[in-house]
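A short worksheet on the structure shown next.
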Amino acid sequence: MVTSGLPHQNNIQQIGYKLLSMLNFKGKKGEEVARTLISACLWNDSVESKSRAYGVSPQTVRNYVEEQGVEVIEKLLESARKISLKVLKGVREIDVSIDWTTKTWYGRPVGGLGSSEEGNSWNYATATTKFNGKVLLLAFVTQVKGMTKEEIVKALVEQVVAMGFKIRLITLDAGFYTVDVLNFISQFKYIVAVPVGDVKVYEEFDGDYTTNSKRHRRDEQVKFRLLVYSKEKVRRKKKSLVYFARATNLDLSKREVLDLYNKVRGPIETSYRNIKAFLPFTSSTKFVFRTLIFVLALVLYSLYTIFKGEVGREEFRLLLILLFPDLFNPENFTFNVIETLIYTIDLFSRR
C-alpha cells in the first residue's frame with residue numbers, strides 16, 4: 001500500500017497551540033474554557049459534555065463566553081482572514097462568492113436575536129474565494145432579525161475590499177435576488193441566480209430584462225441580461241422541463257456564464273458542509289455563544305485548508321487529536337486515543 005505524504009506532526013501541533021492562543025479568555029478558568037471549546041469541535045461533541053472533563057461546569061463556560069465572547073470572536077475572525085491572506089499572497093484580483101447558511105436548534109425560542117421570526121435559527125453569511133483548490137474565507141457577518149439582504153452583501157463586500165482585493169466577479173444565489181442588491185452590485189461584474197417565478201419566463205431565453213418591483217420607483221429599477229435555461233426532470237416515470245434563471249452583466253456566451261457561475265459559487269456550499277463538520281453542540285441559546293462556536297468551527301476549517309491536498313478533513317481532525325494530546329483530560333485520553341487511532345488507521349488503509 002502506498003500512502004501519500006502527510007503534514008509534519010510539528011505543523012499539526014503548532015495549530016493546536018495556535019488555537020489555544022486565539023481563545024485567550026481572561027480569568028482563572030480561561031484555559032480550561034478554551035480547551036473545552038476546542039475539544040468539543042474536534043470530537044464533534046457537546047460543549048456541556050466536554051466541560052466536565054476539564055473540571056469546569058457548563059455554566060462557567062457559558063459565563064466566560066457571554067462576558068468575553070465578542071472580543072474573542074473578533075480575534076478568531078482576524079486569524080481566519082490572516083490565513084486566507086497568507087495563501088493569497090501576491091493576488092490582487094479575485095472572484096467572490098457570497099451566501100449564507102442557517103443553523104436551527106430545537107427548544108425554547110429566543111426573541112429578537114434570530115434571523116427567523118420564531119427565533120429558532122440564525123443565518124451566518126460569508127464571502128469566499130477559491131484559489132489553488134482551496135476555498136478561503138474572506139468575510140463574515142451574522143444576520144440578525146431586521147437586517148436586509150443589501151446590508152449583508154454590503155458588509156461582506158466592504159470587508160473584502162478592506163483586505164486590499166479588487167473584486168473581479170461576484171456570484172450570489174437566488175436568496176439575494178432583490179432590486180437593492182442588484183443596484184449595489186452593479187458596480188461589479190456579477191452573476192445572480194433568479195427565481196423563475198419572479199421573472200415568469202418559462203422558455204430558453206437570453207436577452208434584456210428590467211425589474212418591476214412595486215416597492216421601488218421606476219428610476220430605481222435595474223436592467224440586466226437575463227438567461228433562462230431548462231433541465232429535464234424525471235418524476236414517477238414522467239419527464240418534465242424545469243427552468244432556471246441567472247441575472248448578469250457579463251458579455252460572454254450563455255454557456256460560459258452558466259459554467260462560470262457554477263465554478264465560482266459551487267465551492268461555498270462545500271465550505272459550509274466542512275465548517276458544520278467541526279461545529280459542536282450546545283444547549284445554550286445565547287447569541288454570542290452560538291456565534292462563537294460557529295466562528296471557531298470556521299477557523300478550524302480555515303486551518304484545515306492549509307493542508308488540503310495533503311490530508312482529508314477527517315484525517316486532519318484525527319491527526320490534530322492524536323498529535324496534541326495535552327488538549328485532553330489525562331483520565332479520558334487513553335481510551336479516546338485508542339478509539340481515534342483505530343479510526344485513523346482505518347481511514348489511511350482505504351487510501
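Is it the case, given these coordinates, that residue 143 is within 28 Å of residue 77 (Cα to Cα) and touching a residue at least 12 places away in the same chain (Cβ under 8 Å)?
yes
Could you please give the count of residues in the stretch 250-282 that are in a loop (DSSP other than H, G, I, E, B) and either buried (at least 19 other Cβ atoms within 10 Å of the Cβ) or in contact with a helix residue (DSSP H, G or I) (Cβ under 8 Å, 6 or more places away or on another chain) (or both)? Lay out the reasoning, then the answer.
Keep residues of the stretch 250-282 that are in a loop (DSSP other than H, G, I, E, B), which gives 250-253, 278-280, 282.
If we keep only those that are either buried (at least 19 other Cβ atoms within 10 Å of the Cβ) or in contact with a helix residue (DSSP H, G or I) (Cβ under 8 Å, 6 or more places away or on another chain) (or both) as well, we get 250, 252, 278-280, 282.
Count: 6.
Let's see how each residue does on (1) in a helix (DSSP H, G or I); (2) modelled with pLDDT under 90; (3) hydroxyl-bearing (Ser, Thr, Tyr); (4) under 23 Å from the mean Cα position of the chain (by Cα):
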residue: 10; (1), (2), (3), (4): yes, yes, no, no
residue: 16; (1), (2), (3), (4): yes, yes, no, yes
residue: 21; (1), (2), (3), (4): yes, yes, yes, yes
residue: 28; (1), (2), (3), (4): no, no, no, no
residue: 37; (1), (2), (3), (4): yes, no, no, yes
residue: 61; (1), (2), (3), (4): yes, no, no, no
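Search the stretch 78-102 for residues being part of a helix (DSSP H, G or I) and under 26 Å from residue 318 (Cβ atoms), and hand back the single one that is most open to solvent (accessible area, probe 1.4 Å). First the steps, then the outcome.
From the stretch 78-102, those part of a helix (DSSP H, G or I) are 78-87; that's our starting set.
Okay, now just the ones that are also under 26 Å from residue 318 (Cβ atoms), so 79-80, 82-84, 86-87.
Numbers: 79: 23, 80: 0, 82: 124, 83: 16, 84: 2, 86: 164, 87: 41 Å².
Restricting to residues being part of a helix (DSSP H, G or I) and under 26 Å from residue 318 (Cβ atoms), the top hit is 86.
Could you list, ordered by first residue, the pairs with Cβ atoms under 7 Å in which the first is in the stretch 43-72 and more than 12 Å from residue 30 (Cα to Cα) and in contact (Cβ under 8 Å) with a residue 40 or more places away in the chain and the second is hydroxyl-bearing (Ser, Thr, Tyr) and not in a helix (DSSP H, G or I), at least 6 apart or interchain?
Qualifying pairs under 7 Å: 46/282; 47/282; 48/282; 48/283.
Select from the stretch 174-184 the residues that are within 21 Å of the chain's Cα centre (by Cα) and either part of a helix (DSSP H, G or I) or surrounded by fewer than 19 Cβ atoms within 10 Å (Cβ to Cβ) (or both) and list them in ascending order.
Hits for the stretch 174-184 are 174, 175, 176, 181.
Which one is modelled with the lowest pLDDT among residues in the stretch 39-59 that are of a type in the set (Ser, Thr, Tyr) and either farther than 20 Å from residue 319 by Cα or not in a helix (DSSP H, G or I) (or both)?
First, pick out the residues of the stretch 39-59 that are of a type in the set (Ser, Thr, Tyr): 39, 46, 49, 51, 54, 57.
Filter again for either farther than 20 Å from residue 319 by Cα or not in a helix (DSSP H, G or I) (or both), leaving 46, 49, 51, 54, 57.
Values: 46: 90, 49: 88, 51: 88, 54: 85, 57: 94.
Checking each candidate, the answer is 54.
With the structure loaded, tell me whether residue 71 is under 20 Å from residue 287 (Cα atoms) and assigned to a helix (DSSP H, G or I) or whether it fails that test.
Values: under 20 Å from residue 287 (Cα atoms): yes; assigned to a helix (DSSP H, G or I): yes.
The answer is yes for residue 71.
Could you tell me whether the stretch 196-214 includes any residue that is within 28 Å of the chain's Cα centre (by Cα), open to solvent by less than 60 Å² (accessible area, probe 1.4 Å) and in contact (Cβ under 8 Å) with a residue 12 or more places away in the chain?
Yes, that holds for at least one residue.
The values are calculated or read from the model by the stated rules, or taken from the named source; none is laboratory data. Values in this document were obtained by computation on a predicted structure and should not be read as measured data. Glycine also receives a Cβ, built like all others from the backbone with ideal geometry; neighbour counts cover every protein chain displayed. Ligands, DNA and RNA are stripped out before the accessible areas are found, and what is left, the full protein with its side chains, is counted by its heavy atoms. Shrake-Rupley method; radii C 1.70, N 1.55, O 1.52, S 1.80 Å.
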